[in-house]
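Take a look at the structure set out below.
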Amino acid sequence: MTTLNLLQISPDRRSLLHTILRLFFSLAVVTIIVILIIALIWNSIFVYIHPGYMGIVNRKFGKPLAPGQILAQPGQKGVQEYVLGEGRHFLNPLLYSIEIRPCILIPAGKIGIVTSKVGTNRADRMVIVNEGEKGTWRRVLTPGLHRLNPYGYDVTVVDAAVITPGYVGFLTRLQGLPTTNAFAGPGEKGMLRTILQPGIYFINPVEYRVLAVEIGINQVTFAPPERERYAQSTIAHPDIAARLPSPSAAPHHELSPAQQQAETRQYLVRTSQMADWITGSFSARQKAETERIIRQNVAQQIAQQGVEVRATAPKDAPKPAPAAITFPSKDGFMISLDATIEWELLPDDVAEVMAEFGDVAAVEDKIIIPQSQSIGRLQGSTFLAKDFLLGDRREVFQEVFRQTLMEVARTKNIVIHSAFIRNIIIPDALLRPIRERYIAVEKEKTSRAWQATKRSAGDLQRERSLISQRTREIEARTEALVQLIRAEKERTVQQIAAQTRRLVAEKQAQIAQLDAQRTLTLGEANADVRRWLGEADAQGLQLKIAAIGSPEAYTRYQLAQRLPANLTINIVRTGEGTLWTDLEKTAGAAAAGTILRNSQTPSPQPAP
């Protein structure tokens, strides 16, 4: 139908329709071209910078740069000093060109050291400079995104200083004026008194060096002494050998080879037990457990980085135990002992210790070990050899050794927690006669005690008989006292019962008296009530009679009140009698009742 209609259109109208269609298509093509041109101009003028990127602006026309100038200022030709952040920016494409680069990313646990190629030159030629000066900046870039022009600034990413638990940071300033003191002041080069606690610090490693110094309780254990070597050296001295008692004068017999072998085996067993105690002591286990916990915590946190570690001893290659403390006693015998020293370096004293010794490991080599050996020799040489066998004198030597070592270490800012002497080796030539002499003395004491025990056997039997006799006497006295107390108790009970009955009777008499008084009071009250009620009724009756007029009228009123409402009176004359005589009064009463009922019944209202 539509095709037939088009075919029936005249040629003029068909030509007009074709013209309109051509104009419509031409207008659509022009619109598309204009949109493309506008989009091209928009993208040329408006620059979009994505997040995490920056735009470096290069000016094509302008004033030339000065000699040595790298970044251009506004109005100069070249790479501009400022950079564009993320977002859309309007720039004339005829004057500027944009270079898109990623921002500088500083990861977590890292810092960025900025080296500036632009800025003013320092006159003092310092390596560390402030912002706006040429050189390495004092300020570092913390973790995050930073926009710095790469043509004017170089950024080096390094580890931040991480101090893990169990360590503190000791600072040394690498730049500044030389100092004349033990510790550097503001602007001076040298060691600082400031201590860094465990944590993460964004410190410029070009300006400061950070040493991670191990703190906490440390232990120094001297090696167990070699008993045979010291025994041989003791016997080798002729002066000491001359002091020893001769075999003939000794109160004991020479040991047989079998006894010597048994004593040697016993000594080896004691030495092995002592070695096990050293390696498995509470202090050693406690320190190992502490180190394990610290390692576990460190594994869960950021590892120690960006610092130099200074520990008391390498963890992979522990230091060998120092030699045992050996000294001659006051009477010339060689004494050897081993001890365990527990010391601690407090965080507040790290700076002084590092300034004096240069390393924490040197504390043991220069203070703990030499002072322990020196104090042991000096103080031990003032005691006799037998003093180390007796408990009281050994405690005196232990206390002198500990107190002296604590005082010396305190002057070096070291805290001594304990200085425990575990084992003392005394030469067998001295130990054997002393031991056997003590055994003989103890045997003599035992024999005297046994004789005294036998002598006291008879005394014991006699005392037992006396005890039995006294026991029976005490039992008889006890029984008499029990009977006396029982009789006294019964008498007291009877007295209390009699007194109780008397009190009960008195209370019952008082109660009866109160009941009688109550009955009398209640009777009087009831009589008064009845009297007052009768008087009230009489007064009410008088008021009613006065209101009606007379007693006869009140009587008729009472009769009328008692008459039924449907009362009918029929009068029949039967002759003379009393009815006719009292008819006037009776009719009057009936009439009065009717009048009262009519007055109580409301009269009907007239109809409107």
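Conditions first: (1) open to solvent by less than 100 Å² (accessible area, probe 1.4 Å); (2) modelled with pLDDT under 90. Arg518 passes all but one, so which condition is the exception?
Arg518 satisfies every listed condition except (1).
Return only the number of the condition from (1) of a type in the set (A, V, I, L, M); (2) open to solvent by less than 50 Å² (accessible area, probe 1.4 Å); (3) part of a helix (DSSP H, G or I) that Leu378 does not satisfy.
(2)
For the stretch 435-448, give me each residue that is within 19 Å of Phe388 (Cα to Cα) and open to solvent by 90 Å² or more (accessible area, probe 1.4 Å).
Within the stretch 435-448, Arg435, Arg437, Tyr438 qualify.
Please give the number of the condition Asp359 fails out of (1) in a helix (DSSP H, G or I); (2) open to solvent by 10 Å² or more (accessible area, probe 1.4 Å).
(1)
Considering the stretch 536-547 alone, what residues qualify as being of a type in the set (A, V, I, L, M, F, W, C) and open to solvent by less than 70 Å² (accessible area, probe 1.4 Å)?
Across the stretch 536-547, the qualifying residues are Ala536, Ala538, Ile545.
Please find, among Leu211, Leu145, Leu192, the residue that is in contact with a Cys (Cβ under 7 Å, 6 or more places away or on another chain) and in contact (Cβ under 8 Å) with a residue 60 or more places away in the chain.
Leu145
Yes or no: Ala409 within 35 Å of the chain's Cα centre (by Cα) and open to solvent by less than 60 Å² (accessible area, probe 1.4 Å)?
yes
Scan the stretch 69-108 for residues that are within 46 Å of the chain's Cα centre (by Cα) and surrounded by 15 or more Cβ atoms within 10 Å (Cβ to Cβ) and jot them down.
Correct list: Glu86, Cys103, Ile104, Leu105, Ile106.
Quick test of your reading of the structure: Glu475 fulfils all but one of (1) open to solvent by 60 Å² or more (accessible area, probe 1.4 Å); (2) more than 60 Å from the chain's Cα centre (by Cα); (3) within 30 Å of Ala385 (Cβ to Cβ). Name the failing condition by number.
(3)
Restricting the first residue to the stretch 540-561 and requiring it to be hydroxyl-bearing (Ser, Thr, Tyr), which pairs with a second residue that is part of a helix (DSSP H, G or I) and open to solvent by 60 Å² or more (accessible area, probe 1.4 Å) meet a Cβ separation below 6 Å and a spacing of at least six or different chains?
Pairs that qualify, where the first residue is hydroxyl-bearing (Ser, Thr, Tyr) and the partner is part of a helix (DSSP H, G or I) and open to solvent by 60 Å² or more (accessible area, probe 1.4 Å), are Tyr554/Ile548; Tyr557/Ile548.
I'm checking my understanding of the structure. Among residues of the stretch 177-191 that are crowded, with 18+ Cβ neighbours inside 10 Å and under 38 Å from the mean Cα position of the chain (by Cα), which one is farthest from Val350 (Cα to Cα)?
Ala184
Within the stretch 46-54, does at least one residue satisfy the condition of being over 55 Å from the mean Cα position of the chain (by Cα) and exposed (fewer than 15 other Cβ atoms within 10 Å of the Cβ)?
yes
Any idea which of (1) open to solvent by less than 50 Å² (accessible area, probe 1.4 Å); (2) of a type outside the set (Gly, Ala, Ser); (3) in a helix (DSSP H, G or I) is the one Val30 doesn't satisfy?
With (1) open to solvent by less than 50 Å² (accessible area, probe 1.4 Å); (2) of a type outside the set (Gly, Ala, Ser); (3) in a helix (DSSP H, G or I) applied to Val30, the lone miss is (1).
Do you know which of the residues in the stretch 109-119 that are of a type in the set (Gly, Ala, Ser) and in contact with an Asp or Glu (Cβ under 9 Å, 6 or more places away or on another chain) is most open to solvent (accessible area, probe 1.4 Å)?
Gly119
Yes/no matrix, rows are residues, columns are (1) in a helix (DSSP H, G or I); (2) small (Gly, Ala, Ser); (3) open to solvent by 40 Å² or more (accessible area, probe 1.4 Å); (4) within 30 Å of Leu346 (Cβ to Cβ):
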residue: Asp392; (1), (2), (3), (4): yes, no, yes, no
residue: Thr404; (1), (2), (3), (4): yes, no, no, yes
residue: His417; (1), (2), (3), (4): no, no, yes, yes
residue: Pro433; (1), (2), (3), (4): yes, no, no, no
residue: Trp450; (1), (2), (3), (4): yes, no, yes, no
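Would you point out which residue out of Leu23, Leu7, Leu40 is at pLDDT 75 or above and open to solvent by 100 Å² or more (accessible area, probe 1.4 Å)?
So the residue among Leu23, Leu7, Leu40 that is at pLDDT 75 or above and open to solvent by 100 Å² or more (accessible area, probe 1.4 Å) is Leu23.
Is it fair to say Asn130 is more than 41 Å from the chain's Cα centre (by Cα), open to solvent by 50 Å² or more (accessible area, probe 1.4 Å), within 30 Å of Ala72 (Cβ to Cβ) and of a type in the set (S, T, N, Q)?
When the stated conditions are applied, Asn130 passes them.
Residues that are aliphatic (A, V, I, L, M): which strands (runs of 3 or more DSSP E) entirely in the stretch 77-160 hold 2 or more of them?
78-84, 96-102, 104-106, 110-116, 153-159
The values are calculated or read from the model by the stated rules, or taken from the named source; none is laboratory data. Computed from a predicted structure; not experimentally measured. Positions of Cβ are backbone-derived with ideal geometry, glycine not excepted, and every protein chain shown enters the neighbour counts. We work out accessible area using only protein heavy atoms, side chains counted, and drop any ligands, DNA or RNA first. Shrake-Rupley method; radii C 1.70, N 1.55, O 1.52, S 1.80 Å.
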